[in-house]
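Below: one structure, written as C-alpha cells.
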Amino acid sequence: RLIFPICDTAGRTVAFGARALDPEDTPKYLNSPESALFHKSDTLYGLHLAQRAIVSSAKAAIVEGYTDVIACHQAGITNVVATLGTALTSEHVRRLARLAGTIVLVFDGDAAGVKAAERGVAMCFAEEVSVLICVLPDGLDPDEMIKRDGADALTAAIDAAPDALAYDFEQFRIRHGVTSDPALRARITS
C-alpha cells in the first residue's frame, strides 16, 4: 500500500491513509482509526495546503482521492481537497463554507462519481454556500485528466461547472428524455 499522511489544518500529521497498489487488494483505501485528533467525518485531505487558495479564490474544489489532490496541487490547482474515503458530510461542508462561498464537487465521470456528486449536493444545500457540479468527461478522474489534457483543461472544467440545480435538472432531462417541447415537459413534471 501507498501511505499518505493526513494532516490537521495546522499541518500536523494526525493519521495515515493507505491506498492499495494491487487492484485485487481490498479495501482499496484504509485510514487510521478514529481518535481524539482524527475524525474522518470532518477531516479533509490537503486542507492545510489548500486553505489559502480556497480563501483567496472563494472556491473550494472537492475531489475523490489522495492522488487527485496531489496531482492538482502539483499542477498549480491549489484550492483542492478530498474526503477520506467517506461520503461528503455536513461537517466537511461547514468547514469549507467558513472559507469559501462556493464549493465545486469534482467527481469522476463514471457512474459511481455521478452518484457521489448527487449525494454531495444534499449536504451542501444545508449550508449557505453555492454548489457547483463538475463531472469529468470520459470517466476520467482529475489526475488522469491532468495527465491527458493538462491542468488548463481541468481548470476550465471546474470553472465551467454548472450550478447543482441546473445539473440535477439536466440529469433528470437525460434520464427521462425531456425535450424542449413544453407539453411533454408539463406531462413529466405533473
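The values are calculated or read from the model by the stated rules, or taken from the named source; none is laboratory data. Quantities reported herein were computed from a predicted structural model and do not represent experimental measurements. All Cβ positions, glycine included, derive from the backbone under ideal geometry; neighbour counts span all protein chains shown. The protein model used for the area step is the full one, side chains on, heavy atoms only, and it has no ligands, DNA or RNA in it. Shrake-Rupley method; radii C 1.70, N 1.55, O 1.52, S 1.80 Å.
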Cut-off 10 angstrom, C-alpha nodes, Gaussian network model of the chain. Which of PRO162, PRO27, PRO142 fluctuates the most?
PRO27
Take each of the peptides 48-61, 12-25, average the number of other beta-carbon atoms within 10 Å over its residues, and list them starting from the highest.
48-61, 12-25
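What is the local net charge at ARG94, summed over the other residues whose Cβ is closer than 12 Å to its Cβ (Lys, Arg +1; Asp, Glu -1)?
Working: positive: ARG95, ARG98; negative: ASP42, GLU91, GLU127, GLU128.
Here the count lands on -2.
Given only helices, namely DSSP H runs of n ≥ 4 each adding -39500 (n - 2.57), what is the per-residue ellipticity at 222 nm of the chain, to the nearest 500 deg cm²/dmol? List each step's numbers first, then the result.
Numbers: 8 runs with 81 residues, N = 190.
Value at 222 nm, helices only, nearest 500: -12500 deg cm²/dmol.
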Spacing of the two label points (7 Å from each Cα toward its C-beta) at ALA160 and ARG98, in nm
3.5 nm
Ignoring ligands, DNA and RNA, please state the percent of accessible area on the range 46-114 from carbon and sulfur, probe 1.4 Å.
51 percent
What do you get for the angle between helix 164-176 and the principal long axis of the chain? Use alpha-carbon atoms, 0 to 90 degrees, nearest ten.
60 degrees
Sort 152-160, 94-102 by the packing proxy (mean of other Cβ within 10 Å over each peptide's residues), most packed first.
94-102, 152-160
Could you please tell me the mean projected area of the C-alpha convex hull for the chain, averaged over all directions and given in square nanometres to one decimal?
12.2 nm²
Which percentage, to the nearest 5, of the DSSP beta bridges contained in the range 20-147 is antiparallel?
5 percent
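Accessible area, 1.4 Å probe, largest first: how do LYS147, LYS28 sort?
On the way: LYS147 155, LYS28 105 Å².
Of LYS147, LYS28, the descending order of accessible area is LYS147, LYS28.
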With the 1.4 Å probe rolled over protein heavy atoms, the chain has an accessible area per residue in Å² of 52 Å²
Over all directions, the range 10-99 yields a Cα convex hull whose mean projected area in nm² is 6.1 nm²
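Starting from 0.36 nm per residue, how many nanometres of slack lie between GLN74 and THR86 once their C-alpha separation is accounted for? Could you put the intermediate results ahead of the total?
On the way: separation 12, 0.36 × 12 = 4.32 nm, distance 2.37 nm.
Stretched out fully, the GLN74 to THR86 stretch lengthens by 1.9 nm.
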Mind checking the full-extension length gain between ARG52 and HIS39? Use 0.36 nm per residue of separation minus the Cα-Cα distance, one decimal, nm.
2.5 nm
Please give the helix 111-125 orientation as an angle from the longest Cα principal axis of the chain, in degrees from 0 to 90, rounded to the nearest 10.
90 degrees
Would you please classify the overall shape of the range 66-109 from the alpha carbon gyration tensor, given that a ≥ b ≥ c denote the square roots of the eigenvalues, rounded means a/c under 1.5, and beyond that prolate means a/b larger than b/c while oblate covers the rest?
oblate
The extension gain from THR13 to LEU30, computed as 0.36 nm times the residue separation minus the Cα-Cα distance, is 4.5 nm
Modelling each spin label as a point 7 Å along the Cα-to-Cβ direction, I'd like the ILE3/ALA122 distance in nm, to one decimal.
3.7 nm
Kindly report, to the nearest 10 Å², the accessible surface of PHE125 as traced by a 1.4 Å probe over protein heavy atoms only.
110 Å²
